[in-house]
Structure formats: structure tokens, C-alpha cells
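The structure appears below as C-alpha cells.
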Amino acid sequence: SARVLAQTWKAVSESAAEFSTRAGKERKVAVLGAAGGIGQPLSLLMKMNPQVSQLSLYDVAGTRGVGADVSHINSRAQAKGFEGPDQLADALKGCDLVIIPAGVPRKPGMTRDDLFKINAGIVKGLVEACGKHCPGAILNIISNPVNSTVPIAAEALRKMGVYDKRKLMGVTTLDVVRAKTFYAEKLGLDVSQVDVPVVGGHAGITILPLFSQATPTMPSSTPADVIDALTKRTQDGGTEVVEAKAGKGSATLSMAYAAALFADACLRGMNGATATECTYVESEVTDLPFFATKVKLGTEGVETIHPIGSMSDYEKEAFAAMKPELAASIEKGFKFVREN
Ligand code: NAI
């Protein structure tokens, strides 16, 4: 997908025939939480995506400035800031894709689940606004804990009678981005040639990188402790950044990059090209109602959900170990919507 992004941006200047057909489609995208640590660089990256024709930058505060700033960039998208709940409807009307990084990030010592109390309500409120003002849009949920906020979004939309499971996705791309970087570093590979599927969820042990399915293939001589270290570093990548930032938030720049890759894939799918990414969706791949695996994105969102594929014994154990935690996080999301 890094190659795809590079190709996309090359097309900004080169405008290949097929590309200009796709780029020619009108696509309105909104970023909710656009003034935040993720929101600002993500707004920049979406402004640079030639598939976007209109870009709504919404937040409770600070988006007049971000909107004015981003709007001066020389690219196709018309960018505009929307500030406060009174302007949310206008931000969302006609949207094809809504990306949601609104909410509080972790501080050192916090788990993603510690964010639940604040972010659950924020996500529910914003998703309900999407259900009302742009019911056909694809939603990319970034706000943590993703393992619970996606089930919250699903239930909130279901209650409104507008839920389409093909159009709701939890963004787990950063886990893939990290797994690829760490794998490439460890094996001395060119990261642009590397792929590592990451399945499960997006918190601690629920993040399961499948190095046994990596491209290029992992040498069979790779010691177990190397695989274990790569797995743990992928699972703890977020905490590595939270600790390094020492109270000033969590991953924002790498997350904006990851979210822009995923959003680009959603737009390509919507515009009739093929795109396959790992993402956390309603799924029948396991006995859990939500699970991240590779998914083919098409004109209506999720087109095909790929199975997990073959796992090593190490990965099978990790898969069994994560299931109770992921099940509990999903149930916590369902319960929140039942009670609120
Ligand atoms: P931040 O605090 O810098 O920005 C969040 C923004 O959301 C703020 O500008 C805030 O005003 C806005 N906001 C709060 N309530 C809102 C509402 N009701 N409507 C619209 N905007 C609202 O936080 P940051 O670093 O940008 O992180 C955002 C979220 O993304 C956090 O929940 C964080 O845990 C999550 N995250 C997810 C990752 C993933 O891989 N899915 C990776 C990194 C962070």
C-alpha cells in the first residue's frame, strides 16, 4: 500500500489516463476531529489526495484556522473548516467517506480501554450525525478503543435503521505499517516490497501480526525469540510512542499516514479500482462479531472479507489468547449503546 500511495501521488503530476478517470469523480470526504494531533496531518494528506474533490474539516474548536491553512494548498480538493456542532450537518452533507479521529489519546500508563468513558460518547454522537446527514457514507473509525468504538458505531447506526456493515471499518492500518517497518528492519529488506497481514483487533494482545504469512517469506530458520520480539513490538508500538511523547499524546504522524493510506484504498475501491487492506469489520471469519482480516474494498465498501489463512503454532496460540479480551471489548461497546 505504500507503493500505491507513491503511485497515487505520482499521478498528481502525471495524470495517467485510468487515473484521471477515477480522480475525475466527485468525492466528498470529512475528517471529524480535524484540529487534533492526528486530524491536522491527516487533513493535509487528504487535501493532497487527487481523488478528493471536497474536504470538510470538522472539530469542536480550531478548524477555522486549520481549514484556512489547508485550503491554500495547490490541489484539487476544496477544503473548508467547520467548527462546533451547529456546523456538523453542513460538514457531513453529501459525504462519501467520513474519517473519525475525534477523542482523547492515551497518556503514559493508560490502556486504550481507559479512553472508553470519554471516547464512547464522542464516537456515538458523531456516528449518529453521520447516520442522519450522510447515511450512505463509508466510515473509518480511528478513535480508541477501536475494539469497542466500532461495535458502538454499528449499534448506534442499527438503532437508526441505517447500518450497512460494508461501510463501517475500524482503522488498524497503523498496526500493519508498524509490522512492515519492524519486519523490514529486522530482515534488512526494502520496506516497499514488504507485506505483513495483521488480524484481530487494535489493542495489546488483540493485535496479531501474521509474520508466517509475510512477503517476502520469513526464512524458516528465523528463531522463535525473533518472531516473539517482532510480535510484541508490533503490539506495543503505540505504547512505545506514548512513552516517548511523555504525556504529549500518542501516535499522530504515523497514524495520519496510516489513515491516509486506508482512506485512499477506500476511495480507490469506491471508484472501481481494486484495493485490499486489513481492517476491523463485522465479520464471520471467527465466532466473534467483529474481527480484522484482509478485506477487499469495492464500490460499496467491504466487498469480500478474506479468511485469516494458515497460522503458525505460535500465532494459533496468540489467536486463542486474544479472543476473550476482544469479545469483552465488543460486548462493552454493545452494552454502552443499550444503556445510552
Ligand atoms: P487529540 O486530542 O490531539 O485530537 C483529538 C481531537 O478531537 C481534538 O482536536 C478534539 O477537539 C477533537 N474532538 C473531541 N471531541 C470531539 C467531538 N465531539 N467532535 C469533533 N471533534 C472532537 O488526539 P489524537 O492524538 O489526534 O488522537 C485521536 C484519537 O485517535 C484518540 O482516541 C487516539 O487514541 C486514537 N488513535 C487511534 C489510532 C489507531 O490506530 N486507530 C492510533 C493513534 C491514535
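Looking only at residues that are part of a loop (DSSP other than H, G, I, E, B) and among the small types (Gly, Ala, Ser) in the stretch 179-201, which one is farthest from Glu317 (Cα to Cα)? Filtering first and then ranking leaves Gly188. Residue count for the stretch 91-110, restricted to those that are in contact with a Phe, Trp or Tyr (Cβ under 9 Å, 6 or more places away or on another chain) and near the ligand (Cβ under 10 Å from one of its atoms): 2.
Residue-wise test of (1) within 22 Å of Asp264 (Cβ to Cβ); (2) within 14 Å of the ligand (Cβ to nearest atom).
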site: Gly39; (1), (2): yes, yes
site: Ser43; (1), (2): yes, yes
site: Met48; (1), (2): yes, no
site: Ser53; (1), (2): yes, no
site: Ser56; (1), (2): yes, yes
site: Val70; (1), (2): yes, no
site: Ser75; (1), (2): yes, no
site: Phe82; (1), (2): no, yes
site: Ala89; (1), (2): no, yes
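Counting only residues that are within 13 Å of the ligand (Cβ to nearest atom) and touching a residue at least 40 places away in the same chain (Cβ under 8 Å), which one in the stretch 24-37 is farthest from Asn119 (Cα to Cα)? Step by step, filter the stretch 24-37, then rank; the result is Ala30. Within the stretch 154-190, if we keep just the residues that are within 13 Å of the ligand (Cβ to nearest atom) and among the small types (Gly, Ala, Ser), the residue that is farthest from Ala214 (Cα to Cα) turns out to be Gly170. Residue count for the stretch 286-340 under the criterion of being in contact with a Leu (Cβ under 7 Å, 6 or more places away or on another chain), closer than 28 Å to Pro223 by Cα and part of a helix (DSSP H, G or I): the result is 5.
Could we say that Thr304 is under 20 Å from Met322 (Cα atoms), β-branched (Val, Ile, Thr), surrounded by fewer than 19 Cβ atoms within 10 Å (Cβ to Cβ) and at pLDDT 95 or above here?
In short, no.
For the stretch 252-285, residues that are assigned to a strand (DSSP E or B) and surrounded by fewer than 22 Cβ atoms within 10 Å (Cβ to Cβ) total 3. Within the stretch 244-272, no residue that is without any contact (Cβ under 8 Å) to a residue 12 or more places away in the chain sits with its Cβ atom under 8 Å from a residue that is assigned to a helix (DSSP H, G or I) and within 15 Å of the ligand (Cβ to nearest atom) at 6+ positions apart or across chains. Only residues that are more than 9 Å from the ligand (Cβ to nearest atom) and either surrounded by fewer than 24 Cβ atoms within 10 Å (Cβ to Cβ) or acidic (Asp, Glu) (or both) were counted across the stretch 111-128, and they come to 8.
Take the conditions touching a Ser or Thr at 6+ places or on another chain (Cβ under 7 Å), of a type in the set (Val, Ile, Thr) and not in a helix (DSSP H, G or I) and apply them to Val31. Does it pass? Yes: the conditions hold for Val31. Might you check whether a residue that is among the charged types (D, E, K, R) and under 22 Å from Met169 (Cβ atoms) occurs anywhere in the stretch 76-98? Yes, the conditions are met somewhere in the stretch 76-98. Looking at the stretch 72-178, what helices (runs of 4 or more DSSP H) fall wholly within it and have at least 2 residues that are modelled with pLDDT of 95 or more and in contact with a Pro (Cβ under 9 Å, 6 or more places away or on another chain)? It comes to 116-133, 146-160.
Candidates are the residues of the stretch 58-67 that are within 12 Å of the ligand (Cβ to nearest atom) and farther than 16 Å from Asp96 by Cβ; the one that is surrounded by the fewest Cβ atoms within 10 Å (Cβ to Cβ) is Ala61. Considering the stretch 24-57, and only residues there that are of a type in the set (Lys, Arg) and out of contact with any strand residue (DSSP E or B) (no Cβ under 6 Å at 6 or more places or on another chain), the residue that is nearest to Gly131 (Cα to Cα) turns out to be Arg27.
The values are calculated or read from the model by the stated rules, or taken from the named source; none is laboratory data. What you see is a predicted model, and the numbers here were worked out from it, not measured in a lab. Quick reminder, even Gly has a Cβ in these numbers, built from the backbone with ideal geometry, and neighbours come from all protein chains shown.
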